[in-house]
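Worksheet for the structure shown next.
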Amino acid sequence: MFLRIRRFALGVILFLFPLLLLVSTPAISATLADRVVEKVLPNGLKVILLENPKIPEVTFQVWYRVGSRNESWGKTGLSHMLEHMMFKGTRRVSGEQFDRTIEENGGQQNAFTSSDFTAYFENMRSDRLPVLIDLESDRMHNLMLREEDFRTEKMVVLEERRMRTEDSPQAYLAEQLEATAFQSSPYHWPTIGWEQDIEGLTLEDLQSYYRTYYNPANAVLVVVGDFRKEELLPRIQAAFGPIPRQETPSQKKGLDPPQSGERRITVSRPAELPFLLMGYHVPNLPSPDGYVLEVIAVMLAGGKSSRLYQGLVQERQLALSVEADNALLSRDPHLFSLSAQPLPGHTAEELEKALDQELTRLQKEPVPEAELEKAKNQLEAAFIYGQDSLFSQAMLLAQHEIVSGWRAADDYLPSIRKVTAADIQRVAGQYLIPRNRTVGILNPLPPQEGKPLKPAPSGSGRIIR
Amino acid sequence: MKPPSFRLFLLSAVLWGWILGVGLTDAPAARPAVQREQLPNKLVLLVSEDHSLPFVTIQMLLDAGSRRDPAGEEGLAYLTAKGLLLGTTRQPAATFNQTLDFMGASLEASASADYSVVSLRVLKKDLDRAFGLFLDGLTRPAFPEEELQKEIKKILGGIQAAEEDPETLAEKAFRQVLFGHNPYGHPVEGTKESVGKLTRDRVLEFFREWHHPNNAILAVVGDVSLEEVKTRLVPLLTPWEVKKTNPQPFQPTFQPGPETRLINRDVTQSSIIIGGPGVERANPDYYALTVMNYILGGGGFGSRLMEEIRVKRGLAYSVASFLDSRKYQGSFQVVLQTKNTSAQEAVKLVFQGLKRIREEAVSPEELQRAQKYLIGSFPMRFDTQGKLAGFLTQVEYYGLGLDYPEKYPNVIQSVTREDVLRVARTYLRSEQTIQVVVGNLKEAGME
């Protein structure tokens, strides 16, 4: 299964239920701040350690503060391409040796890229931690970028793009919607990159990108699991400490000005059913309104008793599925999205109307206390369930760290609990309105038989093997 | 705006199933402490305490999968499983769902080819109430006509929506060709022809025939003691009445000869599946096949197919082989996607890989790496409550024994190069190979 998600370009990670941990429970007292040890090495590497001896395993994750938001026009897809190349070996350890070492130690490994970060992880028995420290510290500064590897890996990434986007009408619509909602900010382009940009990337692009962003001052190491920090920290210092400090790259990126009117797009591609996707510009983590939107997302589409599921799927039989996602943990403000697929016989327009009615209701009528309580309970329970996996604990810390510091994870539940019915009404009225949104509709064309070879099929013929 | 890849990921996770099952050799096996008991009504109860977090995960496996669908009523097992949560004789679905959501609990029901599963996750403080709802659905479903009709519409919509996914199309075509009218030949959710014909009466009959304690396994994992299970949950389970079931003999039939099925679609990549019959889970060759599969294409970046097709030639993002073993004889598949113009080359490479593993013994290093990974990664198979509940019910269902984690390392370690060669020759028979391609056949040069 790792295979399938390996080197995967996440557009933007939007969780309905954030993968969260730590709540005041009888079993675990206190906050993350009491249990996490943070240490910044002299070269700028931030180390975040959380002991959890529940099982004899660790998750070892290196997060670089670089993603498609750090790219530039014409060079999109560079972060993700570099992620692929990080498995091709260093001066000391070949790509094959790297994979085999993890394999022989019974470990699982993968990496993922989003608009905001690139992360590498291994899950392994905790007594094999030294192996991971050795491998990850090595590829933080010794990567060998070879033309030969790059040629084939570029082909692999183009195949990945075909699979994820070109042959998936809903993913294609999502890509178009983001390109419409964001005009001047780097969220305009997809993390995997535009096809022609991927084709045009060069080894020099990768080299300079690696030098700029893969430096300890731009990285976070998160380890969660069965270890003793007194023993682990010196090992980390010994391996990562000697990596030279470099200039911290600028992370300031342009933001889009407030949207001043609804935008609409249509995508016509071969598909079976229409699809509706609406994105509303919303604030991210530092804003208290972000937490209100978390509650709204659950009220709308979290569980079978949620407003949209109950109304559109169950009662009115308009939709096959509905989803609501909030982008609380985006580095720059992103989108709150609503999506729905009509049941055969219904249209995207009908769904849009029905969704609008629900949004208007949120704005006009105060949410009943019990319904608000239900949504908060759902978020709280999900928060507790999320503690069960070392991997999701590390994700939680790292994602908060990328946006505004891992300590913010402690604010999650208290902030959710503070949300009032008046907040819901105000926030829905402020952000979930037509002038602030982009509406995307997938207009299905009947499935077609394959057509004859086009004169210049993209991605083939121009790559030298 | 969920990334589409997760769909693929979930699809393949089903196939991965037991591939990664193993234990540790050079460290004490991290065997979860489990209590097993059979209640007077024959329900097998498995309890594993873990008090580190204040919640409980419960899973009921019913031997009522889609292989029990009568001919012409494909999808009946699936609809019956879904129907459990559409309202009970005590309360309508809306109240039921409202109560569950208020507790932040999750309750889901679904079916696979062999069995159906109903799973519950709930905070400890709400355990009694949620368990009551769980049992209410399992033992007193009302299967309201109106709700069933809605569910049928949803299932049909889902079947239609999946038609646009080349991988799903290929997978369905592969199973259809390989298994034919064998009970594994149809999709779990049924077909667009069969689902509309399902009725409430037939759902009730299916439920009465297969949903019994003597046909079920219950795993309870998490913040609950054996004592609490005995005093609080078991009394609710004992009234569930034992019933006689009449299992029909399973007839494993397969497509006798090689066959190629080509499906023409205007897509940029061809989805390719090459494979044939596999084994039943109880087959003693299962373990040698697990090692063989790992070396050929199951082992991620170390695998031969990945190396030849992706790493050396850049022809695919995803290429893997799967051993899909079930209660009865399942399948073996190589699955990949490549741009249409590379389809023929990729197919050729897969056949070369199959030929090579049939004709020459794997190297001692390859065997050792596979064994080390399979054994070393074993504890990750049950490192969360949800994974452990699934692990326990399946160990019971397939009759592997609760000491499975201790036995497994030795079984894997005892597989030899000769074993790998023998199983490759026995099961990867070229004269039985089925090939499915969904893609732009003109571009692929396969018309």
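The values are calculated or read from the model by the stated rules, or taken from the named source; none is laboratory data. Here the structure is a predicted model, which means the values were calculated and not measured. In this analysis, Cβ positions are derived from the backbone assuming ideal geometry, glycine residues included, and neighbour counts consider all displayed protein chains.
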Quiz item: Out of A:Glu204, A:Glu199, which single residue is free of Cβ contacts under 8 Å to residues at least 12 places away in the same chain, assigned to a helix (DSSP H, G or I), out of contact with any helix residue (DSSP H, G or I) (no Cβ under 6 Å at 6 or more places or on another chain) and not β-branched (Val, Ile, Thr)?
Solution: A:Glu204
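Any idea which of A:Ile102, A:Ile48, A:Ile55 is under 30 Å from A:Asp410 (Cβ atoms), within 11 Å of chain B (Cβ to nearest Cβ) and crowded, with 20+ Cβ neighbours inside 10 Å? Steps first, answer last, please.
Values: A:Ile102 fails: under 30 Å from A:Asp410 (Cβ atoms); A:Ile48 fails: within 11 Å of chain B (Cβ to nearest Cβ).
Of the residues listed, the single one that is under 30 Å from A:Asp410 (Cβ atoms), within 11 Å of chain B (Cβ to nearest Cβ) and crowded, with 20+ Cβ neighbours inside 10 Å is A:Ile55.
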Quiz item: Are there any strands (runs of 3 or more DSSP E) wholly within region A:214-282 with 3 or more residues that are farther than 30 Å from A:Met144 by Cα, and if so which?
Solution: A:263-270, A:275-281
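Within region B:391-429, track down each residue that is among the polar types (S, T, N, Q), out of contact with any helix residue (DSSP H, G or I) (no Cβ under 7 Å at 6 or more places or on another chain) and in a helix (DSSP H, G or I).
Listed by number, the residues that qualify are B:Thr393, B:Gln394, B:Asn410, B:Thr426.
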Quiz prompt | Unique match (being surrounded by 19 or more Cβ atoms within 10 Å (Cβ to Cβ) and out of contact with any helix residue (DSSP H, G or I) (no Cβ under 7 Å at 6 or more places or on another chain)) among A:Ala297, A:Ala238, A:Ala301 | solution = A:Ala297
Practice problem: Check region A:351-359 and report whether any residue there is more than 30 Å from A:Tyr64 (Cβ to Cβ), surrounded by 24 or more Cβ atoms within 10 Å (Cβ to Cβ) and touching an Asp or Glu at 6+ places or on another chain (Cβ under 8 Å). | Solution: no
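Restricting the search to region B:260-271, which residues are of a type in the set (Val, Ile, Thr) and either out of contact with any helix residue (DSSP H, G or I) (no Cβ under 6 Å at 6 or more places or on another chain) or surrounded by fewer than 20 Cβ atoms within 10 Å (Cβ to Cβ) (or both)?
Step one: filter region B:260-271 for residues of a type in the set (Val, Ile, Thr), giving B:260, B:263, B:267-268.
Selection gives B:Thr260, B:Ile263.
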Quiz prompt | Residues that are touching a Leu at 6+ places or on another chain (Cβ under 6 Å) and under 20 Å from A:Phe117 (Cβ atoms), drawn from region A:222-259 | solution = A:Val222, A:Val223, A:Val224, A:Phe240
Quiz prompt | Given (1) touching a strand residue (DSSP E or B) at 6+ places or on another chain (Cβ under 9 Å); (2) surrounded by fewer than 24 Cβ atoms within 10 Å (Cβ to Cβ); (3) part of a loop (DSSP other than H, G, I, E, B); (4) modelled with pLDDT of 95 or more, number of the condition B:Arg129 does not satisfy | solution = (3)
Quiz prompt | Criterion violated by B:Leu148 - all others in (1) surrounded by 19 or more Cβ atoms within 10 Å (Cβ to Cβ); (2) within 12 Å of chain A (Cβ to nearest Cβ); (3) aliphatic (A, V, I, L, M); (4) assigned to a helix (DSSP H, G or I) satisfied | solution = (2)
Practice problem: Select from region A:334-351 the residues that are under 30 Å from A:Leu285 (Cβ atoms) and within 7 Å of another protein chain (Cβ to nearest Cβ) and list them in ascending order. | Solution: A:Ser337, A:Ser339, A:Gln341
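Any residue that is part of a helix (DSSP H, G or I), out of contact with any helix residue (DSSP H, G or I) (no Cβ under 7 Å at 6 or more places or on another chain) and not assigned by TED's automatic domain parsing to the domain that holds B:Ser318 - is there at least one of those in region B:178-185? Step through it out loud before you land on a result.
Kept after step one, since they are part of a helix (DSSP H, G or I), are these residues of region B:178-185: B:178-179.
From the residues that got through so far, the ones that are out of contact with any helix residue (DSSP H, G or I) (no Cβ under 7 Å at 6 or more places or on another chain) too are B:178-179.
Filter again for not assigned by TED's automatic domain parsing to the domain that holds B:Ser318, leaving B:178-179.
Looking for residues that are part of a helix (DSSP H, G or I), out of contact with any helix residue (DSSP H, G or I) (no Cβ under 7 Å at 6 or more places or on another chain) and not assigned by TED's automatic domain parsing to the domain that holds B:Ser318, one finds at least one in region B:178-185, hence yes.
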Practice problem: Answer yes or no: is there a residue in region A:105-124 that is within 14 Å of chain B (Cβ to nearest Cβ), surrounded by fewer than 24 Cβ atoms within 10 Å (Cβ to Cβ) and assigned to a helix (DSSP H, G or I). | Solution: no
Quiz item: Within region B:152-205, how many residues are among the small types (Gly, Ala, Ser) and under 16 Å from B:Leu262 (Cα atoms)?
Solution: 2
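Each row is one residue, and each column tells you yes or no for (1) at pLDDT 95 or above; (2) in a helix (DSSP H, G or I); (3) farther than 30 Å from B:Leu46 by Cα.
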| site | (1), (2), (3) |
| --- | --- |
| B:Leu315 | yes, no, yes |
| B:Thr338 | yes, no, yes |
| B:Ala343 | yes, yes, yes |
| B:Leu354 | yes, yes, yes |
| B:Ile357 | yes, yes, yes |
| B:Gln368 | yes, yes, yes |
| B:Gln371 | yes, yes, no |
| B:Gly386 | yes, yes, no |
Quiz item: Could you give every pair whose Cβ atoms fall below 8 Å, whose first residue belongs to region B:146-160 and is at negative phi, and whose second residue is surrounded by fewer than 19 Cβ atoms within 10 Å (Cβ to Cβ) and of a type in the set (Ser, Thr, Tyr), counting only separations of at least 6 or pairs across chains?
Solution: B:Ile159/B:Thr191
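Tell me, which residue of region B:424-447 that is closer than 18 Å to B:Val362 by Cβ and either buried (at least 24 other Cβ atoms within 10 Å of the Cβ) or polar (S, T, N, Q) (or both) is farthest from the other protein chains (Cβ to nearest Cβ)? Give the steps one after another, and end with the answer.
Within region B:424-447, the first condition is being closer than 18 Å to B:Val362 by Cβ, and the residues that meet it are B:424-428.
Filter once more, keeping what is either buried (at least 24 other Cβ atoms within 10 Å of the Cβ) or polar (S, T, N, Q) (or both): B:424, B:426, B:428.
Values: B:Ala424: 21, B:Thr426: 26, B:Leu428: 20 Å.
Looking at the filtered set, the residue picked out is B:Thr426.
Being under 22 Å from the mean Cα position of the chain (by Cα) and at pLDDT 95 or above: is that true of A:Asp325 here? So that I can check it myself, show each step before the final result.
On the way: under 22 Å from the mean Cα position of the chain (by Cα): yes; at pLDDT 95 or above: yes.
Judged against the criteria, A:Asp325 is a match.
Take the residues in region A:357-397 that are in a helix (DSSP H, G or I), of a type in the set (S, T, N, Q) and under 16 Å from A:Leu50 (Cβ atoms); name whichever of them is farthest from the other protein chains (Cβ to nearest Cβ).
Going through region A:357-397, the residues in a helix (DSSP H, G or I) turn out to be A:357-364, A:369-388, A:390-397.
If we keep only those that are of a type in the set (S, T, N, Q) as well, we get A:357, A:360, A:363, A:377-378, A:387, A:392-393.
Pick out the ones that are also under 16 Å from A:Leu50 (Cβ atoms) and you get A:387, A:392-393.
On the way: A:Gln387: 6, A:Ser392: 9, A:Gln393: 11 Å.
Checking each candidate, the answer is A:Gln393.
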Practice problem: Quick one: which residue in B:Arg381, B:Arg356, B:Arg304 is surrounded by fewer than 24 Cβ atoms within 10 Å (Cβ to Cβ) and either closer than 25 Å to B:Gly399 by Cα or of a type in the set (Ser, Thr, Tyr) (or both)? | Solution: B:Arg381
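Only one of B:Gly21, B:Gly87, B:Gly17 is within 14 Å of chain A (Cβ to nearest Cβ), on the phi > 0 side of the Ramachandran plot and at pLDDT below 95; which?
Details: B:Gly21 fails: on the phi > 0 side of the Ramachandran plot; B:Gly87 fails: at pLDDT below 95.
Just a single option satisfies the conditions, and that option is B:Gly17.
Any idea which residue in region B:359-377 is surrounded by the most Cβ atoms within 10 Å (Cβ to Cβ), counting only those that are more than 10 Å from B:Tyr294 (Cα to Cα) and of a type in the set (S, T, N, Q)? Please lay out each step first, then the result.
To start, the set of residues in region B:359-377 that are more than 10 Å from B:Tyr294 (Cα to Cα) comprises B:359-365, B:368, B:372, B:375-377.
Right, trim to of a type in the set (S, T, N, Q) and you get B:363, B:368, B:377.
Working: B:Ser363: 11, B:Gln368: 13, B:Ser377: 23.
The residue in question is B:Ser377.
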Practice problem: For region B:430-444, enumerate the residues that are under 16 Å from B:Gly353 (Cα atoms) and part of a loop (DSSP other than H, G, I, E, B). | Solution: B:Thr433
